[in-house]
Each structure stands twice: as C-alpha cells, then as structure tokens.
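Notes to accompany the following structure.
The values are calculated or read from the model by the stated rules, or taken from the named source; none is laboratory data. The shown structure was predicted, so the numbers you read here are calculated from the model rather than taken from an experiment. Cβ placement follows ideal geometry from the backbone for every residue including glycine, while neighbour counts extend to all protein chains displayed.
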Amino acid sequence: MSASSIKIYVPCDATALALGAESTARAIAETARTRGIDIELVRNGSRGMFWLEPLVEAATPGGRVAYGLVKSADVASLFDADFLHGGAHGSRVGAIEEQSWFKHQERLCFARVGVTDPLSVDDFIAHGGYAGLRNALSLSGADIVKAVTDSGLRGRGGAAFPTGIKWNTVLGTSAEQKYVVCNADEGDSGTFSDRMLMEGDPLCLIEGMTIAGVAVGATQGYIYLRSEYPHAHRALNAAIANAYAAGWLGADVCGSGKHFDLEVRRGAGAYICGEETSLLDSLEGKRGQVRFKPPLPAIKGLFGQPTVINNVISFASVPIILDRGAQFYRDYGIGRSRGTLPIQLAGNLKRTGLVEKAFGVTLRELLYDYGGGSFSGRPIRAVQVGGPLGAYLPESQFDTVVDYEAFAANGAMLGHGGIVAFDDTVDMAEQARYAMEFCAVESCGKCTPCRIGSIRGVEVIDRIRAGIEREKNFALLDDLCDTMRNGSLCAMGGLTPDPVLSAIKYFAEDFAVR
Amino acid sequence: MKPAKINVVVEGTTRKASELAEPMRQAVITAIDANRHKPGALLPILHAVQDALGYVPPESLAAIAHELNLTRAEVYGVVTFYHHFRDKPPGRAVVQICRAEACQALGARALEAHAKRTLGIDFHETTADGAITLEPVYCLGNCGCGPSVLVDNDELHARVTPAAFDKLVKAARMAT
C-alpha cells in the first residue's frame, strides 16, 4: 500500500462477522477497487459495541471516524458521502473514544482491542505491546511475581484466587519441566471477553503467558481453547506464528536467552474442562475429569509437573502491570477487588457488548446506563451473573456493586463478569430446571452428588411444577441442593444449587402449578 | 442426557491403521503421524480424524489405541466423554443451536422447537435427505446477539429468528 492509502477498519470479531462484517469488508474492498481508490483494509477486533456492528472506522487525517450498522448495501453510499474523510452519512457515529458508552470505561486489558491489527506484531508494539515483557526480562522471577502479587490481581476466570500467590508457589518448586497453561475454555453463557481478547489482541495473551513463563521458569505454554471458538483458534495460531517469526517466542525470547514455546490445544465440547484440573487431564489426552486437590496444580499440575494455570483475562492483565507497575493497577478498584474487570453485557439488553470498568460499578449502572435496558423493551425481571452456576438476581439486588466480596455477600458470584439479562417473559422455574439439566449434561461423572443429584434435581423440579406432593418435594429439593453444595468435588455440582435456590427464593410465584 | 454413542465392534476390528479401509486409513495415519510426538496426543489425533472425516469411526479406535500404546477402553472412554466427537458421519451440513441462558433470554427455546419441527428431527439426528445434522451447543460466545447458530463449526449467525433459521438452512442445503 502506498503512504497515501487510507486505513479502513472492519472487525473480524466473531460477533461482528455473525452480524455481517465479512460481506461489509468485501463490499468496501470491491468498491474501492472499482472506483480506483487506494485503501488499506485492516481487520481489527471489535470495540465491543455490538449494537453498532458491523462498525466501520476510517482513519482520517483528523482521527478515526466510525460508522455503525454498515451492511454491504450501505457501502456505495458511504463512498458517495466520502466516508474516507469522515463525511456526513446517516450511519456516522464519530470518534469512538468520544462516545459516552466508551469514554467512561477504563480499558487496561482491552486497551488495544478494536484499535490495532490483531495479528501485527509491529502494530502491537506501536501501541505499548511487549513493554511489560521487556521490563520483566530485566527482573528476577521473584520480582516479577512480587509485582503481580502487589497489583492485587485475582483470577479472572471466576474463582478470584490471587494470581501472584499461584505464581509464587510454582516459582518455589524445583522441577525439570514447568508449564504455563491458559484456561481458554470460556464455557459460561454470557461471557465472551476471552474470545474477544483472543480475536482482537491475541498477542496480549501471548505476552502475559510469556511473562509467566519467564517468572516461574517454565519453558512450555499451552492455550486450552474450547472447540466452539473457530475464529479465536485461527487468530491465536496466526499470532503465535508471527510472534515466533519476530523472535518473541522460542529458544531466545527477544534476545534474552530465555526459552518459551507456546501451542494451542483444542478442547472438545466439555463444559467441565473449564475446571482447571479437568482441563489438565484433558490436555494430557484423558477424559476431562476433576482431580482431587491437593495436590494443587501449582505443585503437581500438567503431566505431574508444577503448572501455572490461569484464565485468559488474568494473563492478559499482566503485561500492563509489568509495564506501568503494580501500584498503577492497584489504584483501580475497591476493597479486595483491585484493577479492572472486562464486563460482558449479554442476553436481553439493548446495548450489549464489552465494558471494562474498575471494580465498584453497580449492576444497575451496567444494565441501564450501559445496557440501555432490555432489548425487547419490556421490564428486566432477572439477571444471572457469573455463568450457568451463578445465582439469579431480581430487581431488588441491582444495586449490588461489582466486587467479588459484595456478590458473595448476596449469595451470588461475580465469576468471569458475564451479565445475562432476562425480561418479564422469563419462566424462572424453567430456568431452575435448566440449571439442573445443564449439570446433568456436563457433569464429568466422577462424584455422585453432581452426576446423580443433577438428574434427580430435574425430576424433583418437574414434580413440583406438576403439583405432585409439592411441600415434600420442595423439602427434598432443598436437601438435594445441600448434598450437592457440600458433597460435590468441584464447583460444577457445588454451585448448581445457586441458580436453582435463588430462583425459588426470589421468584417463588413461577413455581406455582400450571 | 448424553447421546448414545459408540457401539464397540470387536470382531473384524483391525489393530493396524494400515489395514483400515479408505478413506479412514489415510485420515488415521495422517492424524497419528502429525501428532504422535506431542505430549497428550490423543485429543489432537481425534480432532484431526474428525476434521478429515466428519466423525471418529468406531473401527479406527483400536488402531489409534495400538499406535499410542493405550488400551482400546481408554480411547473409547475419551472419545465418548467429549460432546464434540461423533461416531457416525454427519449430514452434509452440521447446524448447532445454542441452548445456553443468554440465548434463552432472546428466544432460543422457541428457535430450538422451530428447528426440530421444521427439520423433522431431534438433536443429534440427520434429516432423511442427509443434508442437515442438528446439534445442541452450550454457548458460542455470541451472548450479546443471540439466538446464536453455528454452521459447520465455522460460520456464526447472530439474532437468528425462525425465519432467519429457515433461510440459513436453505442456504446450507444449496451449498452442499
């Protein structure tokens, strides 16, 4: 491309593609060609404003100008309106950074997503990429771990365990081979921040994992990616190849003499493999069944070796901590929830997408100020936060603050930060039944409370709904939930009672006989 | 709720990949050669076989076990554990409908019922003309714009109304 060519951004994010971004991109390339206009088409990640996808941006001399909901049929008129120079058009949004939805976010982890070419190492570095790893390479392993610990970063996969403590355990072990494993088995409904990051800024994840490897002395990393994410799979493989080619992965990371290899492994459609010990068994080529703990994966993890295993967003939060310092990151957030959380607005909301905010924002602000209320226009009746194992919350709980402890205090779970909204047409007894049904489908089968309890749970809820010995069966369901909660080996069986019991507690009227 | 999966056929099952019938022989040998050096090679091998053939043939399990020095029971246990692996060839297009909560909030239950009714099949079944296999899936990461449908593990569709579903099924039939 010549120096005079204008950059046009059309997302290659899976949601944007599902909304037609591919044909929009093709139409732009084709129209530019037939009109003899020199453009450079960049396939970026999504800015996270799904109601505007496909969102096209033109890099004009005065900055990037966005146009929303651009279908292929609109492309000719965009050229007519000279969108390459920010011309007026019905779909013109203006500068994304000036939109109030975007302006008030605190994008640390997602700083580059939607901005850069996801696969370009040069673009990554030009936007602050690899600054964290460069710093890390000049530090001792202990100092890197200390920075992560001091930042207050907690596991973003849902369990919220302090990341630095995990890393420190692995650092303190001596072993021939240690591993860094990324849990990219993002199976919780309502969550897509891992996917967006892997598609929109995969090098950020690669950088975070490399820092972890350098810190604890691990030379091999694996990204365990769910098979339902074909777009992320392609993006990761391409970004890894580019990182190798540019000397940022391999036997001599950036001339430091440190060795770090990275490979993507595909899961195979098992929700339970998002549980870290199941994931490790799956990576070893076995059935993805939960392991007893202890031993912790940090001591005996993949192939019995010390293993750092973290979620995508945990790893992707590390580069900025090593770049800007632990204090910089720690200054965001409240209480024991430090830093920012990429929150995902999903389900029945008008403006769904990705909102990265410091901890402390309320559910209500997210649902109404960011989410714009329901998509259907009906009242929001219930929200489920934290995936299929998260409690259902009614309107009276919407002032809950995004903070691990605040959610726990309400018997709920912040989890991976996915928020699913339902309008008033939802049948909460049906949702409770589904929670048990899902557990039955996805249980690994190792422990009885989960494997059998979930099937019995479906049956008991069916009897309650059919009006058969209701009082007895409510008591039985309570008892069953108690057994699952306290007797299950992992969170799958242990937390399935949360959506069930919260549905009964807050939406009892839906359990009436019909 | 897991679908009934593989019936192990012991008689006539070869332990040698080289003795499998084509195109299985080529797919299994290629998958093993490309992955056997990897630690934890079984899943990558099963993926490679299914990517090539559309399913993991039950008659290939003994050969895979033999090559990896595993028992046939171990391989059978793994292949049946994961929802992703099929034991019979799918239709010419695989249509997966998301059943998870975020899609439910936007009408996935109605879409699921519509799909089963109009195609005349249940989940894990294939239409009589061999065109469409219908499968459930639990989240496609498109939770902001459901109901979501994935075709052939590659082509994602958002905001799929029953009418949009009919259109994409028609397109899938035409394409194959």
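So here's what we get for this one:
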| item | result |
| --- | --- |
| Residue list for the stretch B:120-135, restricted to those being under 26 Å from A:P388 (Cβ atoms) and surrounded by fewer than 17 Cβ atoms within 10 Å (Cβ to Cβ) | B:D122, B:E125 |
| Every pair of residues 6+ apart whose Cβ atoms lie under 9 Å, when the first sits in the stretch B:136-153 and is more than 7 Å from chain A (Cβ to nearest Cβ) while the second is crowded, with 22+ Cβ neighbours inside 10 Å and modelled with pLDDT under 95 | none |
| Qualifying residue in the stretch B:18-33 (condition: surrounded by 15 or more Cβ atoms within 10 Å (Cβ to Cβ), within 14 Å of chain A (Cβ to nearest Cβ) and either at pLDDT 95 or above or in contact with a strand residue (DSSP E or B) (Cβ under 6 Å, 6 or more places away or on another chain) (or both)) | yes |
| Selection from the stretch A:12-48 of residues that are part of a helix (DSSP H, G or I), within 11 Å of another protein chain (Cβ to nearest Cβ) and among the aliphatic types (A, V, I, L, M) | A:A14, A:A16, A:L17, A:A18, A:A21 |
| Flag for A:I419 being within 14 Å of chain B (Cβ to nearest Cβ), free of Cβ contacts under 8 Å to residues at least 40 places away in the same chain and not basic (K, R) | no |
| Selection count where residues are buried (at least 22 other Cβ atoms within 10 Å of the Cβ) and more than 7 Å from chain A (Cβ to nearest Cβ), scope the stretch B:34-45 | 1 |
| Candidates A:N237, A:N242 - the one that is under 25 Å from A:N135 (Cα atoms) and of a type in the set (S, T, N, Q) | A:N242 |
| Residue among A:G257, A:G217, A:G250 that is surrounded by fewer than 23 Cβ atoms within 10 Å (Cβ to Cβ), outside the structural domain of A:E53 (by TED's automatic domain parsing) and touching a Phe, Trp or Tyr at 6+ places or on another chain (Cβ under 6 Å) | A:G250 |
| Restricting the stretch A:32-73 to residues that are of a type in the set (S, T, N, Q) and in contact with a helix residue (DSSP H, G or I) (Cβ under 8 Å, 6 or more places away or on another chain), the residue that is farthest from A:L119 (Cα to Cα) | A:S72 |
| Pair list, Cβ under 6 Å, 6 or more apart: the stretch A:98-126 residue within 17 Å of A:R351 (Cα to Cα), other residue among the hydrophobic types (A, V, I, L, M, F, W, C) and surrounded by 17 or more Cβ atoms within 10 Å (Cβ to Cβ) | A:F102/A:I96; A:Q105/A:V355 |
| Odd one out for B:H114, checked against (1) within 23 Å of A:A268 (Cβ to Cβ); (2) touching a helix residue (DSSP H, G or I) at 6+ places or on another chain (Cβ under 7 Å) | (1) |
| Residues satisfying the stated conditions in the stretch B:49-68, i.e. closer than 16 Å to A:R265 by Cβ and buried (at least 20 other Cβ atoms within 10 Å of the Cβ) | B:V49, B:Q50 |
| Evaluation of A:H416 against (1) under 19 Å from A:R154 (Cα atoms); (2) surrounded by fewer than 21 Cβ atoms within 10 Å (Cβ to Cβ) (one fails), failing number | (2) |
| Top-ranked residue in the stretch A:47-83 [being acidic (D, E) and surrounded by fewer than 18 Cβ atoms within 10 Å (Cβ to Cβ); ranked as farthest from A:T31 (Cα to Cα)] | A:D82 |
| Members of the stretch A:441-457 found to be surrounded by fewer than 20 Cβ atoms within 10 Å (Cβ to Cβ) and part of a helix (DSSP H, G or I), listed by number | A:V441, A:T448, A:R451, A:I452, A:I455, A:R456 |
